[in-house]
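Following: one structure in structure tokens, then a few remarks.
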Amino acid sequence: MNYASPSVRLAHLHKAYGKTVAVEELSLEILPGEIFGLIGPDGAGKTTVMRIVAALTLPDGGQAEVMGHDVATHPMRVKEHIGYMPQRFSLYPDLTVAENLRFFADLYKVPTAERIVREQRLMQFSRLGPFRKRRAAQLSGGMKQKLALACTLMHTPEVLILDEPTTGVDPLSRQEFWAILRELAASGQALLVSTPYMDEALLCHRVALMHNGRVLTAGQPHDIPAHFKHRLLEIVAGDVPRARKRLLTCGPAGIQVSRFGDRLHVVYGTADQERQIRSCLAEESAEIFTVPPSIEDTFVTLMHEGSSR
Ligand SMILES: Nc1ncnc2c1ncn2[C@@H]1O[C@H](COP(=O)(O)OP(=O)(O)OP(=O)(O)O)[C@@H](O)[C@H]1O
Ligand SMILES: [Mg+2]
């Protein structure tokens, strides 16, 4: 069998800022054509990992390689192979879409003839063609992110590092944005994408769930729920906050109650606890279902266990 060598290889990475451990014992590999998602809440360590891969922050320990180049010893080589879209990407608000692209082409020293071809391709690809003369300041949130991505792609990097590219973007634009990422992966690029949105985990080929600098679990998104080792009930109640309060006051100790939109998910361990949960809600107009755990249930539970250790 022919195994491609990984585009990104991280081994036992460690990074601390004073007493804050931002990344601990993190190892992962990303293959060409793969979208790898780093999923985690604020402060999980996602940006720190990405800055290390982009050769902008040195790790304190462990090893990080991009296309076979070590970030610590060959940072300039690494930078030739990557496109990095930071969490707060700075477009030039007074420049138009086309001028922003041209600015990045100059920055990356893309020869003119090549720039013209790439610009056309990126305009088409990002569907920003009709807006090429619009100033960046006047674009919608989703369009700004697409333009930022197009700027990042100007020098055709093999590895793309996108830090929360869809945060604050409306659901339709998020879908479009992910369709573009799938196209990029299909063309052979390796993508490292961070997101706080659990639904986006399902759009990645593999994900790592991060919390407090550590990977809680990693794998193909559909395999993650296999790590859920508890029992789960879904509660649909007329008054969700009241049902939640009730469970927390009269439900059994040690259960975990999370709100998922208009329903509650209750994680528990024993048949006895289930009886208590049901009797505690007997006077509420609540329907109770047994449901399979989702990736989000798994993450919430693993995070809870990680915090209470
Ligand atoms: N330059 C820095 N100096 C000090 N502490 C830092 C620095 N950068 C990050 N940290 C800390 O390291 C931890 C991880 O931060 P990081 O920005 O990597 O998380 P994140 O997952 O990207 O979070 P967010 O979702 O808020 O972007 C946090 O506790 C953060 O406060
Ligand atoms: Mg971040």
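If each DSSP helix of 4+ residues adds -39,500 (n - 2.57) and the sum is divided by the residues in the chain, what number results at 222 nm, nearest 500 deg cm²/dmol?
Working: 9 runs with 102 residues, N = 309.
Value at 222 nm, helices only, nearest 500: -10000 deg cm²/dmol.
To the nearest 0.05, how large is the calculated FRET efficiency for Met76 and Arg132 if R₀ is 41 Å and r is the Cβ-Cβ distance?
Values: r = 32 Å, r/R0 = 0.78.
For Met76 and Arg132, the calculated efficiency is 0.80.
State whether the stretch 30-72 is rounded, prolate or oblate according to the following rule on the C-alpha gyration tensor (a ≥ b ≥ c being the square roots of its eigenvalues): a/c under 1.5 gives rounded; otherwise a/b larger than b/c gives prolate, and the remaining case gives oblate.
Cα axes put the stretch 30-72 in the oblate bin.
Provide the gained length on full extension for the span His222 to Ala253, in nm with one decimal, where the gain is 0.36 nm per separating residue minus the Cα-Cα distance. Show your work: numbers first, answer last.
Working: separation 31, 0.36 × 31 = 11.16 nm, distance 3.05 nm.
Net length gain for the segment: 8.1 nm.
Take the Cβ-Cβ distance between Phe103 and Ser5 as r, set R0 to 22 Å, and report the resulting FRET efficiency rounded to the nearest 0.05. Please list the in-between numbers first.
On the way: r = 34 Å, r/R0 = 1.53.
Result of the calculation: an efficiency of 0.05.
In Å and whole numbers, how far do the C-alpha atoms of the chain stretch along each principal axis, longest first?
73, 45, 44
At what distance in nm do the modelled label points of Arg182 and Val291 sit from each other, each positioned 7 Å from its Cα along Cα→Cβ?
With each label placed 7 Å out from Cα toward Cβ, I get 2.4 nm.
Among the lysines, select those whose C-alpha is under 18 Å from the C-alpha of Lys79, and discard any that sit fewer than 8 residues away in the same chain.
Lys79 reaches Lys109.
What are the radius of gyration and Dmax of the stretch 62-173, computed over its Cα atoms and given in Å?
14.7, 46
From the phi of every residue in the stretch 75-81, what ³J(HN,Hα) in whole Hz does the Karplus formula 6.51 cos²θ - 1.76 cosθ + 1.60 yield, where θ is phi - 60° and glycine or proline is x?
Those phi angles translate into x, 5, 4, 4, 5, 5, 9 Hz.
Dividing the alpha-carbon Rg of the stretch 250-309 by 2.2 N^0.38 Å yields what?
1.16
For the stretch 229-292, what is the charge dipole size about the Cα centre, in debye to the nearest 20, if Lys and Arg each add +1 at the Cβ and Asp and Glu each add -1 at the Cβ?
220
Using Cα centres only, tell me the gap between the stretch 220-239 and the stretch 180-209 in whole Å.
22
Looking only at Cβ-Cβ distances, which cysteines of the chain have no other cysteine closer than 4.7 Å?
If one checks each Cβ against the other cysteines of the chain, Cys151, Cys204 turn up with nothing under 4.7 Å.
Give me the percent of DSSP beta bridges within the chain that run antiparallel, rounded to the nearest 5.
If I count the DSSP bridges inside the chain, around 65 percent turn out antiparallel.
Quick one: which of Lys46/Lys229; Lys15/Lys245; Lys46/Lys245; Lys46/Lys146 span more than 29 angstrom between C-alpha atoms?
Flagged as over cut-off: Lys15/Lys245; Lys46/Lys245.
Using DSSP to call loops (not H, G, I, E or B), can you name the GluC sites (Glu not before Pro) in the stretch 63-146 whose Cβ has at most 16 other Cβ atoms within 10 angstrom? Please report the intermediate quantities before stating the final value.
Details: sites: Glu65, Glu80, Glu99, Glu114, Glu119; in loops: none.
Those that pass, being in a loop and sparsely packed, number zero.
Let me check I've understood the local charge: for Pro252, count other residues with C-beta under 14 angstrom from its C-beta, Lys and Arg +1, Asp and Glu -1. What total comes out?
+2
In terms of the Cα gyration tensor, with a ≥ b ≥ c the square roots of its eigenvalues, is the stretch 77-121 rounded because a/c is under 1.5, prolate because a/b exceeds b/c, or oblate? It would help to have the intermediate numbers written out before the result.
On the way: a/c = 2.10, a/b = 1.02, b/c = 2.05.
Taking the square roots of the gyration eigenvalues as a ≥ b ≥ c, the stretch 77-121 is oblate.
Since every read-out is calculated from the coordinates, none of them should be taken as a lab result. Source: prediction; values computed, not measured. Using ideal geometry, Cβ is built from the backbone for each residue, glycine included, and neighbour counts are taken over all protein chains shown.
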